[in-house]
Amino acid sequence: MIWHEVTIHSTEEAVEIVSNFFHERGAGGVSIEETGSLNRARDTSFGQWYDKPFNDIPEGEAVVKAYYPEMTDIDPIIRELYSFIEEIREYPIDVGKASITVKIVDDEDWANAWKQYFKPVAVTDRLTIKPTWEEYMPKPGEIIIELDPGMAFGTGTHATTSLCLQTLEQYILPDMDVIDVGTGSGILAIGAVKLGAKHVLALDLDPVAIVSATENVELNKLVKQVTIVQSDLLQVLKTSGQGDKNDIGVSLPVDLVVANILADIILLFIDDVYRALKPGGIYITSGIIGQKASEVEQALEKAGFQLLQTNKDQDWVAIAARK
């Protein structure tokens, strides 16, 4: 199959918002390549070894590529992308040079090439993300998350996801009911169950995410413990009564909510999360660029949450709060 490959040279700081632009405009796949420089600070707390850089992308920069079927009218998308980049420049997000190129490629050139860079990665001393195509012998007590993200989702090793998994490990208790808002590949839902949650309701508005999460939940043999629904949090709250599972697998209110999405979206439904949680329930949220952290913290406190901790990795932040 032939595709339009749209490439934008931007920054690691802008990766999430640029990727979201492409997803919302129907990209058949999005790939992200960040700097491969060995000069950057790298986490070696779990014995990771970095032999040589994978690429020559300058420090702090990133290349985002989106793929659209050949029959797509690509020109309106490109015009909208240029306008979108100019809008971003008005916010405290550095998009860098944001140069854009478009070319035609065959899917054999890209569909599997990115897999060579995705290796098993320890995100905590207990949790390791393993691509399905890699051989790996787990250590005693090590928890393995099998993942095949496809082209539409990240590998789970981005700072926002790692932060969420690390924070989940601190707060998950046995038999918790959990909601994962914006589940994407399903990695946080899978991680929550493997860390001890009784059941997870995984929500996403994107039908591609629903397919990806379903496949990954099946890979990890957790179909009975994870319910995947195409919805947003508010819709679930409207259609499900207190304590009534109503085919969503969990009883509302729940013990913990996790959301790894953009800060601007997080700010829109903080009150909904508050209603979805039991008294004493935990809210873990990530996908927050550093400059937005104080705004999210203030909104959480205003809604009635008690801030528990803020974890940072590069320019990203994860926040844990208690109802």
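The values are calculated or read from the model by the stated rules, or taken from the named source; none is laboratory data. Nothing here was measured: the structure is a model prediction, and the numbers come from that model. Here the Cβ is made from the backbone with ideal geometry for all residues, glycine too, and neighbour counts use every protein chain on show.
Structural remarks
- Residue in the stretch 283-300 that is among the polar types (S, T, N, Q), within 18 Å of L201 (Cα to Cα) and out of contact with any helix residue (DSSP H, G or I) (no Cβ under 7 Å at 6 or more places or on another chain) present: no
- Checked against the criteria, S45 does not count as small (G, A, S) and modelled with pLDDT of 50 or more.
- Only one of the listed residues (I78, I145) is more than 29 Å from L163 (Cα to Cα) and at pLDDT 90 or above. That residue is I78.
- Test result for I8, at pLDDT 80 or above, in contact with a Leu (Cβ under 8 Å, 6 or more places away or on another chain) and within 21 Å of G287 (Cα to Cα): yes
- Residues of the stretch 173-194 that turn out to be of a type in the set (D, E, K, R) and touching a Gly at 6+ places or on another chain (Cβ under 6 Å), as a count: 0
- Members of the stretch 10-30 found to be buried (at least 18 other Cβ atoms within 10 Å of the Cβ) and either aliphatic (A, V, I, L, M) or more than 17 Å from G182 (Cα to Cα) (or both), listed by number: S10, T11, E12, E13, A14, V15, I17, V18, A27, G29, V30
- The set of residues in the stretch 274-300 that are more than 22 Å from F21 (Cα to Cα) and touching a residue at least 60 places away in the same chain (Cβ under 8 Å) comprises A276, I282, I284.
- Here is the figure for the stretch 1-15: residues that are closer than 24 Å to I93 by Cα, of a type in the set (A, V, I, L, M) and not in a strand (DSSP E or B) total 2.
- Picking from residues in the stretch 284-323 that are under 21 Å from L234 (Cβ atoms) and within 16 Å of the chain's Cα centre (by Cα), the one that is surrounded by the fewest Cβ atoms within 10 Å (Cβ to Cβ) is I319.
- When the stretch 270-323 is filtered for residues that are modelled with pLDDT under 95 and of a type in the set (F, W, Y), only W316 remains.
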